[in-house]
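Structure, as C-alpha coordinates:
The values are calculated or read from the model by the stated rules, or taken from the named source; none is laboratory data. Here the structure is a predicted model, which means the values were calculated and not measured. Positions of Cβ are generated from backbone atoms using ideal geometry, with glycine treated the same way; all protein chains shown enter the neighbour counts. Accessible surface is based on the protein model in full, side chains and every heavy atom, while ligands, DNA and RNA are left aside. Shrake-Rupley method; radii C 1.70, N 1.55, O 1.52, S 1.80 Å.
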Amino acid sequence: MKIKTIKDKNYKGRKVFLRVDYNVPIEKGIILDDTRIVATIPTINYLLSQGASLIIASHLGRPKGKPSPEFSLKVVAERLSQILNKEVKFAPDCVGDEVRKMASELKEGEILMLENLRFHPEEEEGDENFAKELASLCDAYVNDAFGTCHREHASVYTITKFAKDVAGGFLIEKEVNALSKLLTNPEKPFLLILGGAKVVDKIGMIKNLLDKVDTIITGGVMAYTFIKAKNWEVGDSKVEEEAIPLAKEIIKEVNKRHLEFHTPLDHVIVQKVSEDAIPIVTERGTVPHGWIGVDIGPQAIEEYTDCINRAKTIFWNGPMGIYEIEKFAKGTIEIAKAIGNSNAYSVIGGGDSVAAVNKAGVADKISHICTGGGASLEFLEKGTLPGIEVLKE
Ligand code: ADP
Ligand code: MG
(Lines give C-alpha, C1' and ligand atoms only; values in the text may rest on other atoms or scores of the structure.)
(Ligands and ions follow the chains in the order given, each with its own letter.)
Protein backbone atom coordinates (compact mmCIF):
# COMPACT_ATOMS: atom_id res chain seq x y z
CA MET A 1 0.00 0.00 0.00
CA LYS A 2 1.29 3.43 -0.95
CA ILE A 3 0.08 6.56 0.84
CA LYS A 4 0.73 10.21 0.03
CA THR A 5 3.47 11.43 2.35
CA ILE A 6 4.76 14.82 3.40
CA LYS A 7 7.95 14.23 1.39
CA ASP A 8 5.89 14.56 -1.80
CA LYS A 9 4.51 18.02 -1.00
CA ASN A 10 5.65 21.61 -0.83
CA TYR A 11 4.90 23.42 2.43
CA LYS A 12 6.66 26.75 1.92
CA GLY A 13 4.54 29.51 3.45
CA ARG A 14 1.57 27.22 4.01
CA LYS A 15 -0.67 26.69 7.03
CA VAL A 16 -0.74 22.98 7.78
CA PHE A 17 -3.46 21.34 9.84
CA LEU A 18 -1.60 18.53 11.61
CA ARG A 19 -3.80 15.87 13.23
CA VAL A 20 -1.86 14.06 15.96
CA ASP A 21 -2.71 11.58 18.70
CA TYR A 22 -1.77 13.35 21.93
CA ASN A 23 -4.14 11.21 23.98
CA VAL A 24 -1.54 10.89 26.75
CA PRO A 25 -2.15 9.69 30.32
CA ILE A 26 -2.60 12.69 32.65
CA GLU A 27 -3.06 12.55 36.40
CA LYS A 28 -3.80 15.67 38.44
CA GLY A 29 -2.56 17.88 35.61
CA ILE A 30 0.71 15.97 35.19
CA ILE A 31 1.60 14.08 32.01
CA LEU A 32 2.68 10.58 33.05
CA ASP A 33 4.06 9.49 29.69
CA ASP A 34 4.88 11.79 26.75
CA THR A 35 5.85 9.06 24.25
CA ARG A 36 3.04 10.08 21.91
CA ILE A 37 4.17 13.70 21.87
CA VAL A 38 7.82 12.81 21.31
CA ALA A 39 6.82 10.45 18.48
CA THR A 40 5.46 13.35 16.37
CA ILE A 41 8.56 15.56 16.65
CA PRO A 42 10.17 14.37 13.37
CA THR A 43 7.03 15.29 11.42
CA ILE A 44 6.73 18.66 13.19
CA ASN A 45 10.38 19.55 12.66
CA TYR A 46 10.26 18.51 9.03
CA LEU A 47 7.16 20.62 8.29
CA LEU A 48 8.69 23.63 10.06
CA SER A 49 11.98 23.18 8.20
CA GLN A 50 10.00 23.31 4.94
CA GLY A 51 8.60 26.71 5.82
CA ALA A 52 5.14 25.73 7.11
CA SER A 53 3.20 27.10 10.04
CA LEU A 54 1.35 24.46 12.06
CA ILE A 55 -2.14 24.15 13.44
CA ILE A 56 -1.93 21.08 15.64
CA ALA A 57 -5.11 19.24 16.65
CA SER A 58 -5.79 16.19 18.81
CA HIS A 59 -8.34 14.51 21.03
CA LEU A 60 -7.73 13.72 24.70
CA GLY A 61 -9.72 11.27 26.77
CA ARG A 62 -13.49 10.97 26.59
CA PRO A 63 -15.01 14.36 27.37
CA LYS A 64 -18.37 13.22 25.88
CA GLY A 65 -18.75 16.06 23.38
CA LYS A 66 -18.56 19.01 25.74
CA PRO A 67 -15.81 21.20 27.18
CA SER A 68 -14.34 19.94 30.44
CA PRO A 69 -11.15 21.34 32.03
CA GLU A 70 -9.77 17.94 33.03
CA PHE A 71 -9.52 17.02 29.34
CA SER A 72 -7.92 20.28 28.21
CA LEU A 73 -4.89 19.98 25.92
CA LYS A 74 -3.29 23.05 27.50
CA VAL A 75 -0.75 20.99 29.52
CA VAL A 76 0.07 19.04 26.38
CA ALA A 77 0.76 22.28 24.49
CA GLU A 78 3.09 23.31 27.33
CA ARG A 79 4.95 20.01 27.16
CA LEU A 80 5.27 20.24 23.39
CA SER A 81 6.67 23.74 23.80
CA GLN A 82 9.27 22.41 26.29
CA ILE A 83 10.30 19.56 24.00
CA LEU A 84 10.65 21.82 20.95
CA ASN A 85 12.11 24.67 22.98
CA LYS A 86 9.80 26.94 21.05
CA GLU A 87 6.58 28.85 21.67
CA VAL A 88 3.35 26.92 21.13
CA LYS A 89 0.29 29.17 21.07
CA PHE A 90 -2.87 27.68 22.48
CA ALA A 91 -6.40 28.26 21.18
CA PRO A 92 -9.32 28.03 23.64
CA ASP A 93 -11.34 25.90 21.18
CA CYS A 94 -10.84 24.11 17.86
CA VAL A 95 -13.51 26.00 15.86
CA GLY A 96 -15.17 29.43 16.04
CA ASP A 97 -14.24 33.07 15.41
CA GLU A 98 -11.40 33.36 17.90
CA VAL A 99 -9.68 30.24 16.58
CA ARG A 100 -10.11 31.42 13.00
CA LYS A 101 -8.49 34.73 13.93
CA MET A 102 -5.56 33.05 15.70
CA ALA A 103 -5.04 30.70 12.74
CA SER A 104 -5.13 33.51 10.20
CA GLU A 105 -2.52 35.51 12.16
CA LEU A 106 -0.11 32.57 12.31
CA LYS A 107 3.24 33.34 10.66
CA GLU A 108 5.72 31.03 8.97
CA GLY A 109 7.41 28.75 11.51
CA GLU A 110 4.81 29.37 14.23
CA ILE A 111 2.74 26.72 15.99
CA LEU A 112 -0.84 26.96 17.20
CA MET A 113 -2.34 24.11 19.14
CA LEU A 114 -6.12 23.75 19.19
CA GLU A 115 -8.21 22.70 22.18
CA ASN A 116 -9.53 19.11 22.40
CA LEU A 117 -11.45 18.15 19.24
CA ARG A 118 -13.78 15.95 21.27
CA PHE A 119 -15.21 18.93 23.14
CA HIS A 120 -17.56 18.89 20.13
CA PRO A 121 -19.73 15.81 19.49
CA GLU A 122 -19.38 16.52 15.75
CA GLU A 123 -15.79 15.24 15.85
CA GLU A 124 -16.73 11.63 16.65
CA GLU A 125 -19.84 11.86 14.46
CA GLY A 126 -17.64 12.68 11.47
CA ASP A 127 -19.82 15.73 10.85
CA GLU A 128 -19.29 17.42 7.47
CA ASN A 129 -19.84 21.02 8.56
CA PHE A 130 -17.47 20.63 11.48
CA ALA A 131 -14.86 19.03 9.20
CA LYS A 132 -15.32 21.87 6.70
CA GLU A 133 -14.72 24.41 9.44
CA LEU A 134 -11.52 22.65 10.54
CA ALA A 135 -10.36 22.48 6.92
CA SER A 136 -11.02 26.19 6.44
CA LEU A 137 -8.28 27.00 8.99
CA CYS A 138 -5.50 25.59 6.82
CA ASP A 139 -4.22 25.20 3.30
CA ALA A 140 -2.71 21.72 3.67
CA TYR A 141 -3.67 18.69 5.77
CA VAL A 142 -1.36 16.15 7.38
CA ASN A 143 -2.47 13.21 9.48
CA ASP A 144 0.02 11.62 11.88
CA ALA A 145 -2.54 10.16 14.32
CA PHE A 146 -2.26 6.48 13.47
CA GLY A 147 -4.04 5.43 16.68
CA THR A 148 -7.25 7.14 15.50
CA CYS A 149 -7.22 5.99 11.86
CA HIS A 150 -9.74 3.20 12.49
CA ARG A 151 -12.38 5.86 13.25
CA GLU A 152 -14.31 7.86 10.67
CA HIS A 153 -13.97 10.99 12.79
CA ALA A 154 -14.22 14.49 11.36
CA SER A 155 -10.55 15.47 11.79
CA VAL A 156 -9.24 12.12 10.53
CA TYR A 157 -11.62 11.12 7.79
CA THR A 158 -14.27 13.66 6.77
CA ILE A 159 -11.83 16.59 6.65
CA THR A 160 -9.96 15.00 3.73
CA LYS A 161 -12.97 15.77 1.51
CA PHE A 162 -12.42 19.49 2.07
CA ALA A 163 -8.73 20.02 2.85
CA LYS A 164 -6.03 20.60 0.25
CA ASP A 165 -2.88 18.52 -0.20
CA VAL A 166 -3.83 15.64 2.06
CA ALA A 167 -0.85 13.54 3.25
CA GLY A 168 0.32 11.18 5.99
CA GLY A 169 3.12 12.12 8.41
CA PHE A 170 6.23 10.05 9.18
CA LEU A 171 4.55 8.13 12.03
CA ILE A 172 1.68 6.95 9.86
CA GLU A 173 4.06 6.07 7.05
CA LYS A 174 6.14 3.96 9.44
CA GLU A 175 3.10 2.16 10.86
CA VAL A 176 1.62 1.38 7.47
CA ASN A 177 4.94 0.06 6.14
CA ALA A 178 5.59 -2.11 9.21
CA LEU A 179 2.10 -3.64 9.30
CA SER A 180 1.96 -4.09 5.53
CA LYS A 181 5.17 -6.08 5.77
CA LEU A 182 3.32 -8.62 7.94
CA LEU A 183 0.48 -8.93 5.43
CA THR A 184 2.48 -9.00 2.20
CA ASN A 185 5.08 -11.75 1.77
CA PRO A 186 6.24 -12.01 5.39
CA GLU A 187 9.46 -13.98 5.71
CA LYS A 188 8.72 -17.53 6.95
CA PRO A 189 8.28 -19.02 9.44
CA PHE A 190 5.82 -16.38 10.67
CA LEU A 191 4.96 -16.69 14.37
CA LEU A 192 1.82 -15.17 15.85
CA ILE A 193 1.88 -14.67 19.62
CA LEU A 194 -1.56 -14.18 21.15
CA GLY A 195 -2.25 -13.24 24.73
CA GLY A 196 -4.07 -10.75 26.89
CA ALA A 197 -7.82 -10.42 27.17
CA LYS A 198 -10.43 -8.94 24.77
CA VAL A 199 -10.53 -12.15 22.74
CA VAL A 200 -13.67 -11.28 20.72
CA ASP A 201 -12.06 -8.03 19.52
CA LYS A 202 -9.06 -9.94 18.21
CA ILE A 203 -10.81 -12.76 16.34
CA GLY A 204 -10.98 -10.81 13.05
CA MET A 205 -7.23 -10.15 13.15
CA ILE A 206 -6.49 -13.81 13.93
CA LYS A 207 -8.70 -15.03 11.08
CA ASN A 208 -7.05 -12.74 8.57
CA LEU A 209 -3.57 -13.85 9.64
CA LEU A 210 -4.35 -17.59 9.46
CA ASP A 211 -3.38 -17.69 5.78
CA LYS A 212 -0.05 -15.98 6.47
CA VAL A 213 1.29 -17.50 9.70
CA ASP A 214 2.95 -20.86 10.33
CA THR A 215 2.86 -21.04 14.11
CA ILE A 216 0.57 -19.67 16.83
CA ILE A 217 1.40 -19.61 20.54
CA THR A 218 -1.08 -18.45 23.18
CA GLY A 219 -1.14 -17.14 26.75
CA GLY A 220 -3.37 -15.12 29.05
CA VAL A 221 -7.17 -15.12 28.84
CA MET A 222 -6.71 -15.91 25.15
CA ALA A 223 -5.11 -19.28 26.04
CA TYR A 224 -7.78 -20.17 28.62
CA THR A 225 -10.49 -19.42 26.09
CA PHE A 226 -8.84 -21.79 23.60
CA ILE A 227 -8.21 -24.44 26.27
CA LYS A 228 -11.87 -24.32 27.27
CA ALA A 229 -12.88 -24.44 23.60
CA LYS A 230 -10.96 -27.75 23.44
CA ASN A 231 -13.10 -28.92 26.41
CA TRP A 232 -10.08 -29.09 28.72
CA GLU A 233 -10.18 -28.06 32.38
CA VAL A 234 -9.41 -24.36 33.12
CA GLY A 235 -10.53 -24.24 36.77
CA ASP A 236 -11.52 -20.71 37.73
CA SER A 237 -9.22 -19.07 35.17
CA LYS A 238 -10.63 -16.09 33.38
CA VAL A 239 -12.23 -17.11 30.10
CA GLU A 240 -14.11 -15.02 27.55
CA GLU A 241 -17.24 -17.15 27.32
CA GLU A 242 -18.77 -15.42 24.29
CA ALA A 243 -15.56 -16.06 22.37
CA ILE A 244 -15.64 -19.84 22.80
CA PRO A 245 -17.61 -20.61 19.61
CA LEU A 246 -15.21 -18.33 17.72
CA ALA A 247 -12.20 -20.04 19.29
CA LYS A 248 -13.63 -23.41 18.19
CA GLU A 249 -13.90 -22.09 14.64
CA ILE A 250 -10.28 -20.89 14.75
CA ILE A 251 -9.10 -24.30 15.98
CA LYS A 252 -10.89 -25.93 13.03
CA GLU A 253 -9.26 -23.53 10.58
CA VAL A 254 -5.85 -24.06 12.19
CA ASN A 255 -6.21 -27.84 11.79
CA LYS A 256 -7.38 -27.50 8.20
CA ARG A 257 -4.20 -25.57 7.40
CA HIS A 258 -1.94 -27.88 9.45
CA LEU A 259 -0.57 -24.91 11.39
CA GLU A 260 1.47 -25.38 14.55
CA PHE A 261 -0.79 -24.23 17.41
CA HIS A 262 0.19 -24.16 21.08
CA THR A 263 -1.56 -23.56 24.36
CA PRO A 264 0.79 -23.46 27.39
CA LEU A 265 2.35 -26.79 28.48
CA ASP A 266 2.10 -25.62 32.09
CA HIS A 267 0.68 -22.73 34.10
CA VAL A 268 1.40 -20.59 37.13
CA ILE A 269 -1.75 -20.90 39.26
CA VAL A 270 -3.15 -19.33 42.44
CA GLN A 271 -6.31 -19.68 44.49
CA LYS A 272 -6.84 -15.94 44.64
CA VAL A 273 -5.46 -13.18 42.45
CA SER A 274 -3.50 -10.91 44.80
CA GLU A 275 0.03 -9.64 45.48
CA ASP A 276 0.45 -12.02 48.45
CA ALA A 277 -0.92 -15.15 46.76
CA ILE A 278 1.39 -18.17 46.81
CA PRO A 279 1.65 -19.42 43.23
CA ILE A 280 2.40 -23.01 42.21
CA VAL A 281 3.10 -24.52 38.79
CA THR A 282 0.89 -27.15 37.17
CA GLU A 283 2.30 -30.37 35.75
CA ARG A 284 0.25 -30.20 32.60
CA GLY A 285 -1.53 -27.81 30.29
CA THR A 286 -4.77 -27.68 32.26
CA VAL A 287 -5.78 -25.85 35.43
CA PRO A 288 -7.35 -27.84 38.29
CA HIS A 289 -10.72 -27.06 39.85
CA GLY A 290 -10.58 -24.17 42.34
CA TRP A 291 -7.39 -22.65 40.84
CA ILE A 292 -6.76 -19.67 38.58
CA GLY A 293 -4.15 -19.48 35.81
CA VAL A 294 -2.22 -16.21 36.06
CA ASP A 295 0.90 -16.84 33.92
CA ILE A 296 2.46 -19.42 31.63
CA GLY A 297 4.77 -21.93 33.36
CA PRO A 298 8.50 -22.69 32.81
CA GLN A 299 7.93 -25.48 30.29
CA ALA A 300 5.70 -23.18 28.26
CA ILE A 301 8.36 -20.45 28.38
CA GLU A 302 10.93 -22.93 27.08
CA GLU A 303 8.71 -24.17 24.27
CA TYR A 304 7.63 -20.66 23.27
CA THR A 305 11.23 -19.41 23.31
CA ASP A 306 12.07 -22.20 20.89
CA CYS A 307 9.21 -21.08 18.59
CA ILE A 308 10.52 -17.51 18.78
CA ASN A 309 14.07 -18.62 17.95
CA ARG A 310 12.84 -20.46 14.86
CA ALA A 311 10.74 -17.57 13.54
CA LYS A 312 11.76 -15.07 10.85
CA THR A 313 8.69 -12.87 11.34
CA ILE A 314 6.87 -12.28 14.66
CA PHE A 315 3.72 -10.40 15.59
CA TRP A 316 2.94 -10.22 19.29
CA ASN A 317 -0.28 -8.99 20.85
CA GLY A 318 -1.29 -9.55 24.46
CA PRO A 319 0.66 -10.40 27.65
CA MET A 320 1.09 -14.03 28.73
CA GLY A 321 -0.34 -13.40 32.19
CA ILE A 322 -1.37 -10.79 34.74
CA TYR A 323 1.95 -9.02 34.19
CA GLU A 324 0.91 -6.01 36.30
CA ILE A 325 1.62 -8.17 39.36
CA GLU A 326 5.37 -8.86 39.65
CA LYS A 327 4.93 -12.52 40.68
CA PHE A 328 2.87 -13.24 37.58
CA ALA A 329 4.98 -11.27 35.10
CA LYS A 330 7.76 -13.78 34.38
CA GLY A 331 6.16 -15.44 31.34
CA THR A 332 5.44 -12.11 29.69
CA ILE A 333 8.91 -10.71 30.46
CA GLU A 334 10.70 -13.84 29.21
CA ILE A 335 8.71 -13.82 25.97
CA ALA A 336 9.53 -10.13 25.50
CA LYS A 337 13.25 -10.83 26.08
CA ALA A 338 13.24 -13.77 23.67
CA ILE A 339 11.67 -11.59 20.97
CA GLY A 340 14.27 -8.91 21.73
CA ASN A 341 17.07 -11.45 21.31
CA SER A 342 15.75 -12.94 18.09
CA ASN A 343 16.85 -11.83 14.62
CA ALA A 344 13.31 -12.03 13.30
CA TYR A 345 11.38 -9.04 11.98
CA SER A 346 9.29 -8.32 15.08
CA VAL A 347 6.20 -6.17 15.50
CA ILE A 348 4.40 -5.54 18.79
CA GLY A 349 0.88 -4.14 18.98
CA GLY A 350 -1.44 -3.45 21.92
CA GLY A 351 -1.20 -1.05 24.84
CA ASP A 352 -0.38 -3.68 27.46
CA SER A 353 2.01 -5.59 25.19
CA VAL A 354 3.96 -2.40 24.54
CA ALA A 355 4.02 -1.65 28.28
CA ALA A 356 5.36 -5.18 28.89
CA VAL A 357 8.13 -4.75 26.32
CA ASN A 358 9.14 -1.50 28.00
CA LYS A 359 9.05 -3.19 31.40
CA ALA A 360 11.34 -5.93 30.05
CA GLY A 361 13.73 -3.24 28.80
CA VAL A 362 13.91 -4.59 25.24
CA ALA A 363 11.90 -1.97 23.34
CA ASP A 364 14.95 -0.88 21.31
CA LYS A 365 15.46 -4.45 20.08
CA ILE A 366 12.01 -4.71 18.53
CA SER A 367 11.72 -3.96 14.80
CA HIS A 368 8.48 -2.00 15.17
CA ILE A 369 6.30 -1.01 18.12
CA CYS A 370 2.79 0.06 17.10
CA THR A 371 1.55 3.32 18.59
CA GLY A 372 -2.14 2.46 18.24
CA GLY A 373 -3.45 -0.78 19.74
CA GLY A 374 -6.95 -0.87 18.24
CA ALA A 375 -5.83 0.65 14.96
CA SER A 376 -3.01 -1.85 14.44
CA LEU A 377 -5.29 -4.84 15.10
CA GLU A 378 -7.91 -3.50 12.72
CA PHE A 379 -5.27 -2.86 10.06
CA LEU A 380 -4.12 -6.49 10.36
CA GLU A 381 -7.75 -7.62 10.11
CA LYS A 382 -8.78 -5.54 7.10
CA GLY A 383 -5.50 -4.59 5.43
CA THR A 384 -6.44 -0.91 5.66
CA LEU A 385 -8.28 1.66 7.83
CA PRO A 386 -10.75 4.43 6.97
CA GLY A 387 -8.21 7.12 7.92
CA ILE A 388 -5.53 5.42 5.79
CA GLU A 389 -7.73 4.85 2.74
CA VAL A 390 -8.18 8.63 2.37
CA LEU A 391 -4.38 9.10 2.34
CA LYS A 392 -3.80 6.62 -0.48
CA GLU A 393 -2.11 7.66 -3.73
P1 ADP B 1 -3.13 -5.46 24.78
O2 ADP B 1 -3.41 -4.15 25.48
O3 ADP B 1 -1.65 -5.71 24.62
O4 ADP B 1 -3.91 -5.63 23.51
P5 ADP B 1 -5.09 -6.80 26.38
O6 ADP B 1 -5.62 -5.48 26.81
O7 ADP B 1 -5.91 -7.63 25.47
O8 ADP B 1 -3.62 -6.63 25.76
O9 ADP B 1 -4.79 -7.71 27.66
C10 ADP B 1 -4.03 -7.25 28.74
C11 ADP B 1 -4.67 -7.62 30.04
O12 ADP B 1 -4.87 -9.02 30.11
C13 ADP B 1 -3.78 -7.26 31.21
O14 ADP B 1 -4.45 -6.33 32.03
C15 ADP B 1 -3.55 -8.58 31.92
O16 ADP B 1 -3.57 -8.49 33.33
C17 ADP B 1 -4.73 -9.40 31.45
N18 ADP B 1 -4.44 -10.84 31.57
C19 ADP B 1 -3.45 -11.53 31.00
N20 ADP B 1 -3.47 -12.81 31.40
C21 ADP B 1 -4.50 -12.94 32.25
C22 ADP B 1 -5.03 -14.01 33.02
N23 ADP B 1 -4.50 -15.23 32.95
N24 ADP B 1 -6.11 -13.76 33.80
C25 ADP B 1 -6.66 -12.53 33.84
N26 ADP B 1 -6.20 -11.48 33.17
C27 ADP B 1 -5.13 -11.67 32.37
MG1 MG C 1 -4.95 -3.49 26.80
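For the stretch 184-204, check the following and say yes or no: at least one residue is in contact with a strand residue (DSSP E or B) (Cβ under 9 Å, 6 or more places away or on another chain) and among the polar types (S, T, N, Q).
There is no residue in the stretch 184-204 that is in contact with a strand residue (DSSP E or B) (Cβ under 9 Å, 6 or more places away or on another chain) and among the polar types (S, T, N, Q).
Which one of 372, 321 is within 16 Å of ligand 2 (Cβ to nearest atom), among the small types (Gly, Ala, Ser) and farther than 24 Å from residue 153 by Cβ?
The match here is 321.
Taking the stated definitions as given, is residue 138 buried (at least 22 other Cβ atoms within 10 Å of the Cβ), farther than 22 Å from residue 79 by Cα and touching a Gly at 6+ places or on another chain (Cβ under 6 Å)?
no
Restricted to the stretch 350-371, and to residues that are open to solvent by less than 30 Å² (accessible area, probe 1.4 Å) and in contact (Cβ under 8 Å) with a residue 60 or more places away in the chain, which residue is farthest from ligand 1 (Cβ to nearest atom)?
368
Is it the case that some residue within the stretch 163-176 is within 20 Å of the chain's Cα centre (by Cα), of a type outside the set (A, V, I, L, M), at pLDDT 95 or above and over 30 Å from residue 37 (Cβ atoms)?
No, there is no match, as no residue in the stretch 163-176 is within 20 Å of the chain's Cα centre (by Cα), of a type outside the set (A, V, I, L, M), at pLDDT 95 or above and over 30 Å from residue 37 (Cβ atoms).
Going by what's in this entry, would residue 173 be described as of a type outside the set (A, V, I, L, M), open to solvent by 50 Å² or more (accessible area, probe 1.4 Å), outside any helix (DSSP H, G or I) and farther than 26 Å from residue 308 by Cβ?
Against the criterion (of a type outside the set (A, V, I, L, M), open to solvent by 50 Å² or more (accessible area, probe 1.4 Å), outside any helix (DSSP H, G or I) and farther than 26 Å from residue 308 by Cβ), residue 173 does not qualify.
Considering only residues of the stretch 212-249 that are assigned to a helix (DSSP H, G or I) and of a type in the set (Phe, Trp, Tyr), which is surrounded by the most Cβ atoms within 10 Å (Cβ to Cβ)?
That would be 224.
Hey, among 374, 340, 293, 331, which residue is outside any strand (DSSP E or B), over 18 Å from the mean Cα position of the chain (by Cα) and within 11 Å of ligand 1 (Cβ to nearest atom)?
So the residue among 374, 340, 293, 331 that is outside any strand (DSSP E or B), over 18 Å from the mean Cα position of the chain (by Cα) and within 11 Å of ligand 1 (Cβ to nearest atom) is 331.
Among 166, 142, 221, 176, which is among the aliphatic types (A, V, I, L, M), within 16 Å of ligand 2 (Cβ to nearest atom) and farther than 16 Å from residue 261 by Cβ?
221
Residues 202, 252, 188: which one is of a type outside the set (A, V, I, L, M), in contact with an Asp or Glu (Cβ under 9 Å, 6 or more places away or on another chain), modelled with pLDDT of 95 or more and part of a helix (DSSP H, G or I)?
None of the others qualify; the one that does is 202.
In this structure, is residue 99 surrounded by 19 or more Cβ atoms within 10 Å (Cβ to Cβ) and in a loop (DSSP other than H, G, I, E, B)?
no
Out of curiosity, is residue 277 open to solvent by less than 40 Å² (accessible area, probe 1.4 Å) and farther than 21 Å from residue 222 by Cβ?
Against the criterion (open to solvent by less than 40 Å² (accessible area, probe 1.4 Å) and farther than 21 Å from residue 222 by Cβ), residue 277 qualifies.
Condition first: β-branched (Val, Ile, Thr) and over 21 Å from residue 13 (Cα atoms). Can you find one or more residues in the stretch 63-76 that meet it?
yes
So residue 260 fits all but one of (1) within 15 Å of ligand 1 (Cβ to nearest atom); (2) in contact (Cβ under 8 Å) with a residue 40 or more places away in the chain; (3) surrounded by 14 or more Cβ atoms within 10 Å (Cβ to Cβ); what number is the exception?
Single failed check for residue 260: (1).
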